[in-house]
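Notes to accompany the following structure.
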Protein chains: 4
Amino acid sequence: MNQALKEKVFEANMALVERGLVMHTFGNVSAVDRDKKVVCIKPSGVDYAKMKPQDMVLLDLEGQVLEGELKPSSDTKTHLALYKGFPDIGGVAHTHSGYATAWAQAKRPLPCLGTTHADHFYGPIPCTGALSEHRIQKDYEKETGKLIIETFKGIDYRHMKAVLVACHGPFTWGKDAAEAVFVSAMLEAVARTSFCSVLLKKDLKNIQQALLDKHYLRKHGAGAYYGQKSKG
Amino acid sequence: MNQALKEKVFEANMALVERGLVMHTFGNVSAVDRDKKVVCIKPSGVDYAKMKPQDMVLLDLEGQVLEGELKPSSDTKTHLALYKGFPDIGGVAHTHSGYATAWAQAKRPLPCLGTTHADHFYGPIPCTGALSEHRIQKDYEKETGKLIIETFKGIDYRHMKAVLVACHGPFTWGKDAAEAVFVSAMLEAVARTSFCSVLLKKDLKNIQQALLDKHYLRKHGAGAYYGQKSKG
Amino acid sequence: MNQALKEKVFEANMALVERGLVMHTFGNVSAVDRDKKVVCIKPSGVDYAKMKPQDMVLLDLEGQVLEGELKPSSDTKTHLALYKGFPDIGGVAHTHSGYATAWAQAKRPLPCLGTTHADHFYGPIPCTGALSEHRIQKDYEKETGKLIIETFKGIDYRHMKAVLVACHGPFTWGKDAAEAVFVSAMLEAVARTSFCSVLLKKDLKNIQQALLDKHYLRKHGAGAYYGQKSKG
Amino acid sequence: MNQALKEKVFEANMALVERGLVMHTFGNVSAVDRDKKVVCIKPSGVDYAKMKPQDMVLLDLEGQVLEGELKPSSDTKTHLALYKGFPDIGGVAHTHSGYATAWAQAKRPLPCLGTTHADHFYGPIPCTGALSEHRIQKDYEKETGKLIIETFKGIDYRHMKAVLVACHGPFTWGKDAAEAVFVSAMLEAVARTSFCSVLLKKDLKNIQQALLDKHYLRKHGAGAYYGQKSKG
């Protein structure tokens, strides 16, 4: 049964490459099986072209390796902190995709400037503050995860499935590894378009609440009418 | 005979993908058969890779489904409003293409800065104002179509086949579905080039009326001499 | 023998597509056989995917069609004016490539900011002024050619093989059609890089004359030592 | 044995093309065999599509050709100066990649704005000053190499494997030709992302020293824990 989890996590990692969200060995995707209390994650620094499903690493929720020949991703503790802090999520993705990372490096939240954004993210995408020197030196990757959780005080992670970590890049999540990757792709598309918009006009504000509600809620929640899901 | 309409609308929707104007399930193209009073449109939220001609949905001009297993595009009412307001058009396309959407999100009309623009659009491309909260909540997609019609007071939609909907993206039209897609592609090309131009020099004005006339009219109208159409 | 000319002009036009310098039916390349006083040019508005060598049109230097079923490019008179004004050139290319056109629309000459530019163009690339309304209405395409010649007063067209026509786009030339296309490709590359440079720092000046001389002259002229040509 | 060196240098040069870092005949990669005192470099101005391993040129460290039918790269003396000044390096690459060159043309060092940068470069990437007219005219390519060495006073070239040569473009290096190319690719990626960041917010500062240390040192040096190298 863990084989199925490895396959899905492997495929989600490869989807990062196919969607042009990572280069080299950058990026990583994981998934959690909450019943078994098992997390599956990409190994650290392995060439995507040579990676196989059986290279995926299995860990418990404290980070102890349960199965796998290779070392897990160096960002593993960030993933674990997210699984702990966001109890409803099943997958996490981290990329260095160009435009999302550009916003993160500029330490700017990504404003909600249009309906493509509103279709997928319920409001502006938050950007963390900087980690203190002490926290960087203490347990960097775990503290990064905790910083994200702190940033989400007052924000519902079930309707805002992405964060920009300042001076670093985006993390995204979802019900499983595939959704986490999908959100990464949507984030990059929105980050690119809105990059161009703010160059065309400074000081753009978030769209009206009514328009945000309309677009987000026609795709998500009880009253959704986009797509074929609610039919038949 | 409706089969031919479905094939054309299907092909026009797939052309959005081939031309790089949409990702995921975004975007939609429709066509109208004015004699039969039948509109054909892409289904809502269906994966382009799996979409087939028989998935296209047939409706009457009031939006009643005549034929089709799937729900029509969530933007259907906007298309219908355009067919009503612009009696000479036969096809409508809607994309989230990056540069056109960037201008729409910046709420800036696309100025006519050069001859590539003038070859295809007779003047600057209008950008709508914002919909009121009331209109968003009332019948959003229909009101979007009506907003476009209102924006075209004093503009001839037969020579300006595109609009930017503020905080949303472009709609384009033409004599049929294929032309609507073609106009979307030209719009994106012009939106990209003129994005770069306004970064190179602020406060660029529209080109001279004489140059606009020369280029637009050498391709369109009675005196056109571009291409092979008027020959032989 | 004209067949060979048609093949070369056909191939040069197709190279515009392969190099990503044109879309749709935009752009055109011609060549002249000065001994025979014959110009060969792309037909007007023909789809690149369907174009064949025998579609190329042969004209005399006054623009009279000598051979060919199709109408010549609508920009033919501009090409003819360049062949008249620049007696040493054998080929001309015109594109709407994105970055070069962006500079042309901004009505800014392309400054010489680096050695890639200096390797191919001996100084900043001139941008024409605007054509008067009278000249646009009189004989637009011919006047465009004459405007380019006027812009080159004091500039040696043999060492500056490109111009930006304001609010329009680039024309380039060379010893034959293939070189004209090559120069278009170099122009677009330089236009893109220098676009980014001027966004990174305003008011950049042209590079030192000594550096321009060094790079241009190590590739061109009697003392050239780049490449394999002067060897053996 | 030199055959193996030629193969590696050939492959590294071709990797420049595959990674989209060069166009036309631009760019060049070399490697040195310190024991044999032999440098192997790409020939000058040869089309990548026709280049073969046996076209690589072998020289001694003073630039005398030892083996090869073709003239070595016109930038050879810059490579030789780097091998002399940086005794631990085994390969050098030079590209005209768009974003790195844009920074070089803007004469701006590339600030360290994020962790992708910090993963590969220990601090901001230096940009040289301008060469004097005298040095340009004297022995241009050798002086370019010496200028780079001068720029690195106080900077450890083993942890900063790239430089921007003002008004020219990047040079990178590493333990062999392949690493030099890899560093060129990372440089271009970082140059692109940080280009976008500085457009989003002016006057961005380098990241905290603690974050730079954390990322650089988790990949490099004795305490590295990224990847699979230190395992098993």
Open item on the list: Of everything in segment C:88-98, what is within 12 Å of another protein chain (Cβ to nearest Cβ) and either surrounded by 24 or more Cβ atoms within 10 Å (Cβ to Cβ) or assigned to a loop (DSSP other than H, G, I, E, B) (or both)? Give them in sequence order.
Closed with: C:HIS94, C:THR95, C:HIS96, C:SER97
TODO: Starting from residues that are at the interface with chain A (Cβ under 10 Å from one of its Cβ atoms) and surrounded by fewer than 17 Cβ atoms within 10 Å (Cβ to Cβ), keep the ones in segment D:187-204 and report whichever is modelled with the highest pLDDT.
DONE: D:LYS201
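Tell me the residue from B:GLU179, B:GLU150 that is at negative phi, without any contact (Cβ under 8 Å) to a residue 40 or more places away in the chain and either surrounded by fewer than 21 Cβ atoms within 10 Å (Cβ to Cβ) or within 14 Å of chain A (Cβ to nearest Cβ) (or both), please.
On the way: B:GLU179 fails: without any contact (Cβ under 8 Å) to a residue 40 or more places away in the chain.
Of B:GLU179, B:GLU150, the one residue that is at negative phi, without any contact (Cβ under 8 Å) to a residue 40 or more places away in the chain and either surrounded by fewer than 21 Cβ atoms within 10 Å (Cβ to Cβ) or within 14 Å of chain A (Cβ to nearest Cβ) (or both) is B:GLU150.
Does segment B:135-152 contain at least one residue that is in contact with a Lys or Arg (Cβ under 6 Å, 6 or more places away or on another chain), of a type in the set (A, V, I, L, M, F, W, C) and closer than 28 Å to C:LEU164 by Cα?
The initial filter retains those residues of segment B:135-152 that are in contact with a Lys or Arg (Cβ under 6 Å, 6 or more places away or on another chain), namely B:136, B:140-143.
Filter again for of a type in the set (A, V, I, L, M, F, W, C), leaving B:136.
Filter again for closer than 28 Å to C:LEU164 by Cα, leaving none.
No, segment B:135-152 has no match at all.
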Task: Subset tally (residues that are touching a helix residue (DSSP H, G or I) at 6+ places or on another chain (Cβ under 7 Å), charged (D, E, K, R), closer than 15 Å to B:ASP176 by Cα and more than 14 Å from chain A (Cβ to nearest Cβ)) for segment B:1-49 - done: 4
- [ ] Please find, among A:LYS142, A:LYS77, A:LYS71, the residue that is of a type in the set (Lys, Arg), under 25 Å from D:TYR226 (Cβ atoms), at pLDDT 95 or above and touching a Pro at 6+ places or on another chain (Cβ under 7 Å).
- [x] A:LYS71
Open item on the list: Which numbered condition in (1) within 30 Å of C:ALA130 (Cα to Cα); (2) in contact (Cβ under 8 Å) with a residue 60 or more places away in the chain is the only one that B:ALA106 fails?
Closed with: (2)
TODO: From (1) modelled with pLDDT under 95; (2) within 8 Å of chain B (Cβ to nearest Cβ); (3) outside any loop (DSSP other than H, G, I, E, B), pick out the condition that doesn't hold for A:TYR225.
DONE: (3)
Open item on the list: Can you tell me which of (1) away from chain A (no Cβ under 14 Å); (2) touching a Gly at 6+ places or on another chain (Cβ under 9 Å); (3) under 26 Å from B:ALA224 (Cβ atoms); (4) in contact (Cβ under 8 Å) with a residue 60 or more places away in the chain is the one B:GLY123 doesn't meet?
Closed with: (2)
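Please count how many residues of segment B:25-37 are more than 14 Å from B:ILE89 (Cα to Cα) and crowded, with 17+ Cβ neighbours inside 10 Å. Please lay out each step first, then the result.
Within segment B:25-37, the first condition is being more than 14 Å from B:ILE89 (Cα to Cα), and the residues that meet it are B:25-28, B:36.
Retained after the next criterion (residues that are crowded, with 17+ Cβ neighbours inside 10 Å): B:25-28.
Qualifying residue count for the region: 4.
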Open item on the list: Criterion first (surrounded by fewer than 19 Cβ atoms within 10 Å (Cβ to Cβ), out of contact with any helix residue (DSSP H, G or I) (no Cβ under 6 Å at 6 or more places or on another chain), more than 14 Å from chain A (Cβ to nearest Cβ) and in contact (Cβ under 8 Å) with a residue 24 or more places away in the chain) does D:HIS159 satisfy it?
Closed with: yes
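If you take just the helices (runs of 4 or more DSSP H) that sit entirely in segment C:108-220, which of them hold at least 3 residues that are hydroxyl-bearing (Ser, Thr, Tyr) and under 30 Å from D:GLN137 (Cβ atoms)?
Values: elements: C:115-120, C:133-151, C:177-200, C:209-219.
Here the list reads C:177-200.
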- [ ] Please identify the pairs in which a residue from segment C:37-65 that is farther than 18 Å from C:GLY145 by Cα has its Cβ atom under 7 Å from the Cβ atom of a residue that is at pLDDT 95 or above and of a type in the set (Lys, Arg), counting only partners at least 6 apart or on another chain.
- [x] C:PRO43/C:LYS71; C:PRO53/C:LYS6; C:GLN54/C:LYS6; C:MET56/C:LYS6; C:MET56/C:LYS42
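Go through segment C:38-87 residue by residue and tally those that are assigned to a loop (DSSP other than H, G, I, E, B) and loosely packed, with under 13 Cβ neighbours inside 10 Å. Before the answer, list the steps.
The initial filter retains those residues of segment C:38-87 that are assigned to a loop (DSSP other than H, G, I, E, B), namely C:42, C:44-47, C:51-52, C:56, C:60-64, C:68-71, C:73-75, C:86-87.
From what's left, loosely packed, with under 13 Cβ neighbours inside 10 Å: C:47, C:52, C:62, C:64, C:69, C:87.
The total comes to 6.
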- [ ] Consider only pairs whose beta carbons are under 6 Å apart and that are at least six residues apart or on different chains; among these, list those whose first residue lies in segment B:71-85 and is in contact (Cβ under 8 Å) with a residue 60 or more places away in the chain and within 14 Å of chain A (Cβ to nearest Cβ) and whose second residue is surrounded by 21 or more Cβ atoms within 10 Å (Cβ to Cβ) and small (Gly, Ala, Ser).
- [x] B:SER74/B:SER44; B:THR78/B:GLY145
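Mind listing whichever residues of segment A:11-46 are farther than 20 Å from A:LEU187 by Cα and under 16 Å from the mean Cα position of the chain (by Cα)? Can you show your working first?
Start the filter on segment A:11-46 by keeping residues that are farther than 20 Å from A:LEU187 by Cα, which leaves A:24-25, A:32-46.
Within segment A:11-46, A:VAL32, A:VAL39, A:CYS40, A:ILE41, A:LYS42 qualify.
The values are calculated or read from the model by the stated rules, or taken from the named source; none is laboratory data. Model, not experiment: these values are computed from the prediction. FYI the Cβ positions are ideal-geometry reconstructions off the backbone, even for glycines, and counts take in every protein chain you see.
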